[in-house]
Protein chains: 2
Amino acid sequence: MAVGDVSMPHMHVVQGVKIGSAEAYVRYPNRRDLVIFEFAQGTNVAGVFTQNAFCAAPVHVSKLHLEQANPRYLVINTGNANAGTGKLGMENAQLTCLKLAELAEVEQYEVLPFSTGVIGEQLPIDRLVQGLPPALDTLDENSWVDAATGIMTTDTTPKGASEQFELDGVTYSMTGISKGAGMIRPNMATMLSFVATDVPIARNLVQQMLKISADQSFNRITVDGDTSTNDSCIFAATGLAGGIEISSVEDPRYAMVLDVLSRVMKRLAQLIIRDGEGATKFITVTVEGGNDTQECCDIAYSIAHSPLVKTAIFASDPNWGRILAAIGYAGVKDLDVEKIQVWLDDVQICKDGGAAADYTEEAGARVMSQTEMMIRVDLGRGQAKDTVYTCDLSYDYVKINADYRS
Amino acid sequence: MAVGDVSMPHMHVVQGVKIGSAEAYVRYPNRRDLVIFEFAQGTNVAGVFTQNAFCAAPVHVSKLHLEQANPRYLVINTGNANAGTGKLGMENAQLTCLKLAELAEVEQYEVLPFSTGVIGEQLPIDRLVQGLPPALDTLDENSWVDAATGIMTTDTTPKGASEQFELDGVTYSMTGISKGAGMIRPNMATMLSFVATDVPIARNLVQQMLKISADQSFNRITVDGDTSTNDSCIFAATGLAGGIEISSVEDPRYAMVLDVLSRVMKRLAQLIIRDGEGATKFITVTVEGGNDTQECCDIAYSIAHSPLVKTAIFASDPNWGRILAAIGYAGVKDLDVEKIQVWLDDVQICKDGGAAADYTEEAGARVMSQTEMMIRVDLGRGQAKDTVYTCDLSYDYVKINADYRS
């Protein structure tokens, strides 16, 4: 069961974005496992993708196509990741684009493919291609919830975020969906996210805004440190709500849109952690007082990845020795442990590298028993700060991942 | 329950090494929780210690004392790690050495202290000091098994390895003990190991041999990636069995003794994995065909740390996509996935970066159901090779670590 509020908000229409879906029987029958996004002509699109060296065929093709032009269509299937599938996998990803391009009368490189599901099996390409016409037939501006549901694999809930905002008297929307039950089943839990707005934004800024927001959201969540072969995140700006195009970071609207995008993407990323299979707690790990962002991140991830910290939190055990140990082995050079402070929410557990004098197990246990908590570390040597989001490690994590594919 | 054969071998006496123990009531009553090693005058001693920035007080003191002289005594307590204990912790570690030095009539810096147990609590220094005389009273050459038992914390079995061998007509012994139920409870599972031989070896070579052997043993095991604040490994060469001192790596006996030491330490390290709490399988991860040792290690650890790979092995599920994904996110530059081969024992699961054509789930499942298995990866780009040892991730891992301290 997901942690905290994961309810679907009202999903505002984004002018220039239509969504269709169909039952293609990629892996299971009676599932709308094929989703198509259509972007209006002139939409500027950017993408960020997995760093995994074994990235899947659709990731290769999407990157290639994005370099050539703004895409007009995204085609997404669940049930099969088309990863570890060699040349035939590449051909099938290309063929999917080609067939959709023919039907929609665009160029093949104007279609980006996405796949999520089991690794190492070939796509049922005939059924997938047969699903394209019915998916195109259902294209509609109001289908964001259908899309969020269609791209689910092991997710227990569809994931969406949406805001409406005004810039210079024009009302705009920003709406997005995500999937991925916490990267804890990479065979079925690729992280995918698609966000769109009808603000007019120059293409280079679309890419820049996506990169900045991804670094604060999808690149700051972890369930178990495993990175999928298919992770992808797309941001599209149609510009169809009107107004003058944002073409410079000096434009005050740039910062305002970036703010909305970061909030929407952070929500979409956090929803993945909240729905992490086996998760019973949502944990924010903030490291401040560092020399640079990198060392703050290294220590935050070291804590967030530690199975010992995560099992202690599952058990509501304020075992602060495990947190100190995780800070200590993060590999950060010249760490002066005597300057380190650690808090669980408002309770200081570690002062100047040792146990805080007024710390009590009761106070620690109180925070640890909450379903949401923050671990905050101050390195006491600089101004840098960063934050990572994670969940606890429960019996169910092992159960789910050990039983999977049975 | 430990995996495979973990029985205690015959522990050969090492001439010049005596061991005593006492009930000091550090944490629990009626436990011989205080162990003392006495080395004969002239023994050459070397140590390797945890890289954790939060290293414990006894680690600081041991390093300091080792720089000053060869130690004559080691004093080891279980039940309390004396870590995260600030200045008082340092004073207590020093006081332990001082009191033992007074009783044994040596210098304070000729004593090295070791502690393992809960983090963040002060040593019961009075009871510990009171335990020193009775521990000294029991010093005996035949107490290796008592020592192995005395230093246990959550270990389910005492861990020992011992060999007798001949060099130039002289018979020597190499005997060692270790503890640490797999670093899965760092509060109680510091890894400690003490190895001694009666071969005469120059001090600089003792250090060199220990470093080389540790890199093939204690530095190549992992249960969950967590590194304790107290990990320490000591190697002592008394020289008391006679013969000429080994003072050069050109001496053919150097390689022979190094071979014995590496075998003994590898066994002591593997015993820790076999006794990893919750472990049901012993896994050897070998990466070959790399450009250098570092990248082989990075990939081997990426696989060995992956909770997804470890849960799949627990479930006997040949989920090779998870292994490929772990190779892919190890951060090794310019990996050509099309050159990568992966085997589970003799079964090739991945050929040239994709599924091996003749691979069957049945063959994979057969290997995965064994209690001992090897994951072998060939990167196909160089001559380097390295091996890491680990265990699976079971329900019991979470149970033990979540329930701990309750």
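FYI, it's all coordinate maths here, none of it is from the lab. Note that the structure is a prediction, hence the values are computed from the model and not measured. Cβ: placed from backbone, ideal geometry, glycine included. Neighbour counts: every protein chain shown.
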| task | Compute the long axis of helix B:293-305 from its Cα atoms, compare it with the longest principal axis of the Cα atoms of chain B, and write down the angle in degrees, 0 to 90, nearest 10. | result | 80 degrees
| remark: Any aspartates and glutamates whose Cα falls less than 20 Å from that of B:Lys399, other than same-chain ones fewer than 8 residues away, would be A:Asp224, A:Glu277, A:Asp317, A:Asp392, A:Asp396, A:Asp403, B:Asp155, B:Asp224, B:Asp226, B:Asp275, B:Glu277
| message | Could you derive backbone 3J(HN,Hα) for region A:16-31 from the dihedral phi with the Karplus parameters 6.51, -1.76 and 1.60 (θ = phi - 60°), listing whole Hz in sequence and x where the residue is Gly or Pro? | response | x, 10, 10, 10, x, 8, 7, 8, 9, 6, 5, 9, 10, x, 6, 10
| remark: Inter-copy distances for B:Asp126, label 7 Å out on the Cα-Cβ vector, sorted ascending, nm, one decimal, are 8.5
| remark: Mean per-residue count of partner chain Cβ within 10 Å for A:108-119 equals 1
| query | So what are the ³J(HN,Hα) numbers for region B:340-357, from phi and the Karplus equation (6.51, -1.76, 1.60; θ = phi - 60°), rounded to whole Hz, Gly and Pro as x? | reply | 8, 10, 9, 10, 9, 6, 8, 9, 7, 9, 10, 10, 6, x, x, 4, 5, 4
| Taking A:Tyr172, B:Tyr25, B:Tyr329 and counting other C-beta atoms within 10 Å, the order from fewest to most | B:Tyr25, B:Tyr329, A:Tyr172
| field | Restraint check, A:Lys385/B:Lys211; A:Lys179/A:Lys211; A:Lys266/B:Lys351; A:Lys159/B:Lys339, Cα-Cα greater than 28 Å | value | A:Lys385/B:Lys211; A:Lys266/B:Lys351; A:Lys159/B:Lys339
| task | Could I get the Rg over Rh figure for the protein assembly as shown? Both from C-alpha atoms, Rh via Kirkwood, rounded to two places. | result | 1.03
| request: Please give the FRET efficiency for A:Ala357 paired with B:Ile212, using the beta carbon to beta carbon distance and R0 = 56 Å, rounded to the nearest 0.05. | output: 0.80
| message | Please report the antiparallel percentage of DSSP beta bridges with both residues in the protein assembly as shown, rounded to the nearest 5. | response | 70 percent
| query | If you put a point 7 Å past Cα along the Cβ direction, how far is that point for B:Glu166 from the same point in each other copy, in nm, smallest first? | reply | 9.8
| field | Label-point separation in nm, A:Asn204 to B:Asp168, each point 7 Å along Cα→Cβ | value | 7.4 nm
| note | The simple spin-label model distance between A:Thr293 and B:Met90, using points 7 Å out along Cα→Cβ, in nm, is 3.6 nm
| What residues have an amide H closer than 5 Å to that of B:Lys159, excluding those fewer than 5 places away on the same chain, when H is modeled at 1.01 Å from N in the peptide plane? | B:Ser178
| How big is the equivalent ellipsoid of region B:282-403 along its three axes, where each semi-axis is √(5λ) from the Cα gyration tensor, reported in whole Å from largest to smallest? | 23, 17, 12
| query | In bins 10 Å wide, starting from 0, what share of all Cα pairs of region A:41-121 does each bin hold, as a percent? | reply | 19, 54, 25, 2
| About its Cα centre, what dipole magnitude does the protein assembly as shown give when the only charges are +1 on Lys and Arg Cβ and -1 on Asp and Glu Cβ, stated in debye to the nearest 20? | 520 debye
| Highest to lowest packing among A:33-41, A:253-261, scored as the average C-beta count within 10 Å | A:33-41, A:253-261
| query | Using a label point 7 angstrom from Cα along Cα-to-C-beta, what distances in nm, from shortest up, separate B:Met374 from the other copies? | reply | 5.1
| query | What is the gain in length, in nm to one decimal, between A:Gln383 and A:Ser247 on full extension, counting 0.36 nm per residue of separation less the C-alpha to C-alpha distance? | reply | 45.8 nm
| query | What is the P(r) of region B:12-157, as percent of Cα-Cα pairs per 10 Å bin from 0? | reply | 12, 45, 37, 6, 0
| What does the helix-only formula give at 222 nm for chain B: each DSSP H stretch with n ≥ 4 adding -39500 (n - 2.57), the total divided by the residues, and the result rounded to the nearest 500 deg cm²/dmol? | -10500 deg cm²/dmol
| query | Can you give the average number of partner chain beta-carbon atoms within 10 Å of each beta-carbon in peptide A:306-316, as a whole number? | reply | 6
| request: Under 25 Å Cα to Cα from A:Lys99, which lysines show up? Leave out anything in the same chain fewer than 8 places away. | output: A:Lys18, A:Lys63, A:Lys87
| message | With viscosity set to 1.002 mPa s at 20 °C, what whole-number translational diffusion coefficient in µm²/s follows for region B:17-274 from Stokes-Einstein and a Kirkwood radius over Cα pairs? | response | 120 µm²/s
| said: Cut-off is 10 Å between beta-carbons; in what order do B:Lys179, B:Lys385 appear when sorted fewest neighbours first? | reply: B:Lys385, B:Lys179
